[in-house]
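Heads up, the thing below is written out as structure tokens.
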Amino acid sequence: MSEPAATATENRACFELRGASQTLTVMELHHFDPDALERDLRDKIRQAPNFFRDLPLVIGLDHYEGNAADLDFFQLIGICRTHSIQVLGVRGGDDDIRRLARNAALAWLPGGQTSAPRPVPDPEQETAENTEESAPETTSTGAGRLVTQPVRSGQQVYAPEGDLIIMAPVGAGAEVLAAGHIHIYGPLRGRALAGVHGDTSASIFCQSLEAELVSVAGHYKISEDLQGDDWRTPARVRLEGDVLTVDPLTR
Amino acid sequence: MARIIVVTSGKGGVGKTTTSASISTGLAQRGYKTAVIDFDVGLRNLDLIMNCERRVVYDFVNVIQGEATLNQALIRDKRVENLFILPASQTRDKEALTAEGVQKVLDEMSETFDYLVCDSPAGIEHGALMALYHADEAIVVTNPEVSSVRDSDRILGILQSKSRRAEEGREPVKEHLLLTRYNNERVERGEMLSLEDVNDILSISLLGVIPESQAVLNASNQGTPVILEDDSEAGGAYADAVARLLGEERPLRFLDGQKKGFLKRMFGG
């Protein structure tokens, strides 16, 4: 028993490199004011303490309006650390920022839409659901994903690029996510989140709107708010300005 | 090679053990050598429904742990030829079911049996996962009510991702819906989901509809699989389900509620 195990260990390389994608929370920084940051962060944490405990965080600078020179990464890390948030790296910004980040031993990620966060309507529930089984079998068609099997309670299907097309029901307790549009040729009874990287032009189409939650680019509505004329009818959910609207699909 | 069928539901109290007893009895009646295995370690019930609780010496866990041979633990049914029961342990917990142990026992049984019917415990934890892992086919037992249907949907998702067939990328587990405790009058009054509602949500092939019936309760209490009660509607419905499991076509019966007696029909009762 022990001998073959030992040789197997010797023969195997001590590591292998693999590509992996992980959903991360990004703190989009508009300007840097240590006191305000500390105060606002404490407020947010009070709302969902479990979500923030040991949370890996990326500092997003795509919308940063201040001077690079004002940014004190050491101070920022310190503030986060006191609230047990782990800063992993910095996303976006120019070469100066990149140098500053390196000095603070933070990883630098290119800016744009590469690793934007999922919307966080209910942080505690979101983290609880991260232990899901793998999704039903799907075929990938370049950018986008096609699912022909029902998506069942507890399953999650994610199209990190492009659209997600589901030719079966999405059950209550299931979750489907896409960077682009979501098409469901069947009833939508679970959660559907389109435009998870922030694409505000994304829509959700379904043959019967019975969803627990719909979201486009982080703007969401829960079942209670969807009980209008379009409930249980073919519908399209899209973002009009800042307002999530539901339109009938048939006219 | 035996065909392994798991009887599962997610939710408790919907009729898994009743179904396991009747389906396995039905398969044995058809001449297939069948064993029904109780995976509900710690809460064993199958031996009660099969009326063999006084003959349990060794159980499934004893066999897994090498304390008894399979032949010592298997109980031969007194009523139906070709039917054997492997009871669960009352004194252990479900952690005693190890993946390797279960595999070993099922492999050994596969050599001599035609069908192995695994009676799953409720829930989606270890015991239920062990019961469904090796399945070739799954009978998902569902009551016509919302929470039961939701749990069945969940267990179907787990079958698609956590079964051995899924892990090895083989042909997926064949899923059958068995709707139990169906009461047409209550469906018509809107107190229960209809067959169409359940089909719409779960969208898997229908193995049968078992009407709600006092006969099921009576049979359980007497330790008789209800399929042996030939004159009961529930028994007939289980016999139909077994036939469909074997690939035969049977029309759906007993959907119209209680049969009205001759006099009642005459006088419009």
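The values are calculated or read from the model by the stated rules, or taken from the named source; none is laboratory data. Being a predicted model, the structure only gives us computed values, none of them experimental. Glycine also receives a Cβ, built like all others from the backbone with ideal geometry; neighbour counts cover every protein chain displayed.
Please tell me if B:Gly247 is away from chain A (no Cβ under 14 Å), within 27 Å of A:Ser208 (Cα to Cα) and part of a loop (DSSP other than H, G, I, E, B). Full working, then the answer.
Numbers: away from chain A (no Cβ under 14 Å): yes; within 27 Å of A:Ser208 (Cα to Cα): no; part of a loop (DSSP other than H, G, I, E, B): yes.
Considered against the rule, which asks whether it is away from chain A (no Cβ under 14 Å), within 27 Å of A:Ser208 (Cα to Cα) and part of a loop (DSSP other than H, G, I, E, B), B:Gly247 comes out as no.
Could you pull out every one of the helices (runs of 4 or more DSSP H) wholly within the stretch B:131-199 that has 3 or more residues that are within 25 Å of B:Ala215 (Cα to Cα), touching a residue at least 40 places away in the same chain (Cβ under 8 Å) and within 14 Å of another protein chain (Cβ to nearest Cβ)?
Values: elements: B:146-162, B:164-167, B:184-188.
The helices (runs of 4 or more DSSP H) meeting that bar are B:146-162.
A quick yes/no check of all residues on (1) more than 18 Å from the chain's Cα centre (by Cα); (2) within 14 Å of another protein chain (Cβ to nearest Cβ); (3) not small (Gly, Ala, Ser):
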residue: A:Gly144; (1), (2), (3): no, no, no
residue: A:Leu177; (1), (2), (3): no, no, yes
residue: A:Ala194; (1), (2), (3): no, no, no
residue: A:Thr200; (1), (2), (3): no, no, yes
residue: A:Tyr220; (1), (2), (3): no, no, yes
residue: A:Asp242; (1), (2), (3): yes, no, yes
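Failed condition for B:Ser203, given (1) surrounded by fewer than 20 Cβ atoms within 10 Å (Cβ to Cβ); (2) of a type in the set (Gly, Ala, Ser); (3) away from chain A (no Cβ under 14 Å), with all others met?
Every listed condition holds for B:Ser203 apart from (3).
Collect the residues in the stretch A:195-245 that are within 17 Å of A:Val176 (Cβ to Cβ) and among the β-branched types (Val, Ile, Thr), keeping them in residue-number order.
A:Val196, A:Ile204, A:Val214, A:Val216, A:Ile222, A:Val237
Kindly provide the set of residues from the stretch B:220-238 that are in a helix (DSSP H, G or I) and without any contact (Cβ under 8 Å) to a residue 24 or more places away in the chain, ordered by number.
Here is the first cut: in the stretch B:220-238, the residues in a helix (DSSP H, G or I) are B:220-222, B:226-228, B:233-238.
Those that are in a helix (DSSP H, G or I) and without any contact (Cβ under 8 Å) to a residue 24 or more places away in the chain: B:Asn221, B:Gly236.
Go through B:Val14, B:Val57 for me and flag whichever is hydrophobic (A, V, I, L, M, F, W, C) and surrounded by 22 or more Cβ atoms within 10 Å (Cβ to Cβ).
Values: B:Val57 fails: surrounded by 22 or more Cβ atoms within 10 Å (Cβ to Cβ).
None of the other options fit; the residue is B:Val14.
Could you tell me whether the stretch B:55-68 includes any residue that is closer than 20 Å to B:Arg164 by Cα, among the β-branched types (Val, Ile, Thr) and out of contact with any strand residue (DSSP E or B) (no Cβ under 9 Å at 6 or more places or on another chain)? Give the derivation first.
The initial filter retains those residues of the stretch B:55-68 that are closer than 20 Å to B:Arg164 by Cα, namely B:64.
Right, trim to among the β-branched types (Val, Ile, Thr) and you get B:64.
Those left that are additionally out of contact with any strand residue (DSSP E or B) (no Cβ under 9 Å at 6 or more places or on another chain): B:64.
Scanning the stretch B:55-68, I find at least one residue that is closer than 20 Å to B:Arg164 by Cα, among the β-branched types (Val, Ile, Thr) and out of contact with any strand residue (DSSP E or B) (no Cβ under 9 Å at 6 or more places or on another chain), so the answer is yes.
Would you mind stating whether B:Glu175 is surrounded by fewer than 18 Cβ atoms within 10 Å (Cβ to Cβ) and of a type outside the set (Phe, Trp, Tyr)? Before the answer, list the steps.
Working: surrounded by fewer than 18 Cβ atoms within 10 Å (Cβ to Cβ): no; of a type outside the set (Phe, Trp, Tyr): yes.
Here the answer is no, as B:Glu175 does not meet what is asked.
Looking only at the stretch B:99-109, decide whether some residue is crowded, with 22+ Cβ neighbours inside 10 Å and either modelled with pLDDT under 95 or closer than 23 Å to B:Lys174 by Cα (or both).
At the first step, the residues of the stretch B:99-109 found to be crowded, with 22+ Cβ neighbours inside 10 Å are none.
No, every residue in the stretch B:99-109 fails to be crowded, with 22+ Cβ neighbours inside 10 Å and either modelled with pLDDT under 95 or closer than 23 Å to B:Lys174 by Cα (or both).
Can you give me the number of residues within the stretch B:202-219 that are in a helix (DSSP H, G or I) and either touching a residue at least 12 places away in the same chain (Cβ under 8 Å) or small (Gly, Ala, Ser) (or both)?
So in the stretch B:202-219, the residues in a helix (DSSP H, G or I) come out as B:202, B:214-219.
Still in the list and also either touching a residue at least 12 places away in the same chain (Cβ under 8 Å) or small (Gly, Ala, Ser) (or both): B:202, B:215-216, B:219.
Looking only at that region, the number is 4.
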